[in-house]
Amino acid sequence: MADPQIEARRAAEAAARQSYGKLVAILAAQFRNVARAEDAVADAFRKALETWPDRGLPDRPEAWLATAAKRRIIDDARKAGRRRDALPHLERLLEERQSMPRSEIPDERLRLIFACADPAIDPAMRAPLILQAVLGFDAAAIGSAFLVSPATMGQRLVRAKHKIAASGAAFTVPDSEDLPARLPPVLDAIYAGFGLGWSDPASDRTRDLSEEAIWLASLIGSLLPEAPEPKGLLALMLFAHARRAARRNPDGAYVPLDDQDTGLWDAEMIRKALEQMTAGAKAGPPGRYMIEAAIQSNHVARWVGQPVDRARIGSLYDDLWAAHPTVSVFIGRAASRADTDGPEAGLALLGELGADQVAAYQPYWSVKAELHHRAGQIDAARDAF
């Protein structure tokens, strides 16, 4: 017989994977406060773990959690002694929400994502705020994605939400004509979420996150059919996701891209990615994600039995560096340079990065170790590894 505690925890974890972002989005839209919505949803999950083992799983776990979270917000207003002022205000917000015309954006999570990209919010915090509030990542994971310590990222997120609450800014959904201006941080957050969900290919949680990111990018592409970058992002993620089954060997060890069995790549995903690239190229000049997708598309040559064009990849990395000059792109350029001009050329390029930029950045040390190894510099490779 199954242990009720274990069953309840599994059900709550499944609900968290499927519903966390949606619940926060709904409550943040209704009560216009992301921090309050996050606290309420967290409390609802706690109550689920306390009550579901004894009472049994509800027929509709998501609805149960939404009701519990709303009650928490109302209870907080009572406990703070603000019933006379707060409760009518909350009721008005709910009435307004119910009477408002439905947004053109067809998913609650996507509505909150675009709301978090409001120009009034600190530009540097828009993507991290989306990752925490909508996709449910903690400060440690978000910090790793943006090369910031967990403590620093946690402080920045708290300050950002306090500023939003103090300003009284509503998390409003933009009109369709305002969506393009908010697009860059939205795409950045979705791609960062995909990357964070990429670390463990055997995990249901990371598989859910990767597939959700792909779905959100597809949805954005349908909302903005004339924009090339959503198509580029979708193609980029599809190329990567198509290789999921080939990324690890039977022992679980990582398999480099050039050594992967292309017979394990997902043909349908690759075809969809190529279709998105074609559509994106017709939509307008390439940006960051179209260029990154183009780099990945060059590796598809192996899938059809052709050699990879290393020189073309190097040229694309130069274009990407001009469009999106980040540490990770610079490291990719160095690896590409090594492929065309030898490992010493790649190491020379890596040497241009400052120590403070790469001190705790694992991809830098991984590439550096590999290039030292190729150059026969065993001691240096060992140190980098």
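The values are calculated or read from the model by the stated rules, or taken from the named source; none is laboratory data. Just so it is clear, the structure is predicted and the values come from calculations on it, not from any experiment. Glycine gets a Cβ as well: all are built from the backbone with ideal geometry, and neighbour counts include every protein chain shown. Just so you know, the surface numbers come from the protein's heavy atoms only, side chains and all, with ligands and any DNA or RNA stripped out. Shrake-Rupley method; radii C 1.70, N 1.55, O 1.52, S 1.80 Å.
Structure notes:
- Cα-based reach from Lys161 at 17 Å (exclusive), listing aspartates and glutamates while leaving out same-chain residues under 8 positions away: Glu38, Asp39, Asp118, Asp122, Asp138
- Note, ³J(HN,Hα) from phi for the range 120-137, Karplus 6.51, -1.76, 1.60, rounded to Hz, x at Gly and Pro: 6, 8, 3, x, 5, 9, 5, 5, x, 5, 4, 4, 7, 6, 9, 9, x, 7
- The range 276-385 - Kirkwood radius from inverse mean 1/r over Cα pairs (Å): 15.0
- Net charge over other residues, Cβ less than 9 angstrom from the Cβ of Asp118 (K, R count +1; D, E count -1): +2
- For Lys231, a cut-off of 18 angstrom between C-alpha atoms picks up these lysines, skipping any fewer than 8 places away in its own chain: Lys272, Lys282.
- Farthest toward positive dipole pole in the chain [+1 Lys/Arg, -1 Asp/Glu at C-beta], among Trp303, Ala66, Leu274: Ala66
- Available extension along the chain between Phe385 and Ala281 is 33.5 nm, counting 0.36 nm per residue and deducting the alpha carbon span.
- Across the range 272-277, computed HN-Hα scalar couplings (Karplus, 6.51 cos²θ - 1.76 cosθ + 1.60, θ = phi - 60°) run 5, 4, 5, 5, 5, 5 Hz from first to last residue, x flagging Gly and Pro.
- Quotient of Cα Rg and 2.2 N^0.38 Å for the chain, N being how many residues it contains: 1.09
- Square roots of 5 times each gyration tensor eigenvalue, C-alpha, the range 248-326, largest first, Å: 24, 16, 12
- Carbon plus sulfur fraction of accessible area for the chain, probe 1.4 Å, in percent: 51
- Loop-located GluC sites (Glu not before Pro) in the range 224-332 (DSSP state other than H, G, I, E, B) with a sparse environment of at most 10 neighbouring Cβ atoms within 10 Å: Glu226.
- When its C-alpha radius of gyration is set against 2.2 N^0.38 Å (N residues), the range 227-283 gives a value of 1.28.
- Counting charges near Ala242 (Lys, Arg +1; Asp, Glu -1) among other residues having Cβ under 12 Å from its Cβ returns a value of +3.
- Across the range 296-302, rounded Karplus estimates of 3J(HN,Hα) from the backbone phi angles (6.51 cos²θ - 1.76 cosθ + 1.60, θ = phi - 60°) give 5, 5, 5, 6, 5, 3, 4 Hz, Gly and Pro being marked x.
- Amide H contacts of Arg248 (H built 1.01 Å from N, under 5 Å, at least 5 apart or other chain): Val255
- Length released on extending from Leu49 to Val304, taking residue separation times 0.36 nm less the Cα-Cα span: 86.8 nm
- DSSP loop trypsin sites (Lys or Arg not before Pro) with at most 14 other Cβ within 10 Å excluded, longest remaining stretch of the chain: 103-385
- Local electrostatic count, Ala69, Cβ distance below 12 Å [Lys/Arg +1, Asp/Glu -1]: +1
- For Leu147, no residue whose modelled amide H falls within less than 5 Å of its own remains once neighbours fewer than 5 places apart on the same chain are excluded.
- The C-alpha atoms of the chain define a longest principal axis, and helix 83-99 lies at about 60 degrees to it.
- Surface analysis of the chain yields an accessible area of 50 Å² per residue, using protein heavy atoms and a 1.4 Å probe.
- Here the dipole of the chain is about 1160 debye; that uses its Cα centre as origin and unit charges on the Cβ of Lys and Arg (positive) and Asp and Glu (negative).
- Distant-in-sequence amide H partners of Ala227 (H built 1.01 Å from N, under 5 Å): none
- Net dipole in debye of the range 272-384 [+1 Lys, Arg Cβ; -1 Asp, Glu Cβ; about Cα centre; nearest 20]: 380
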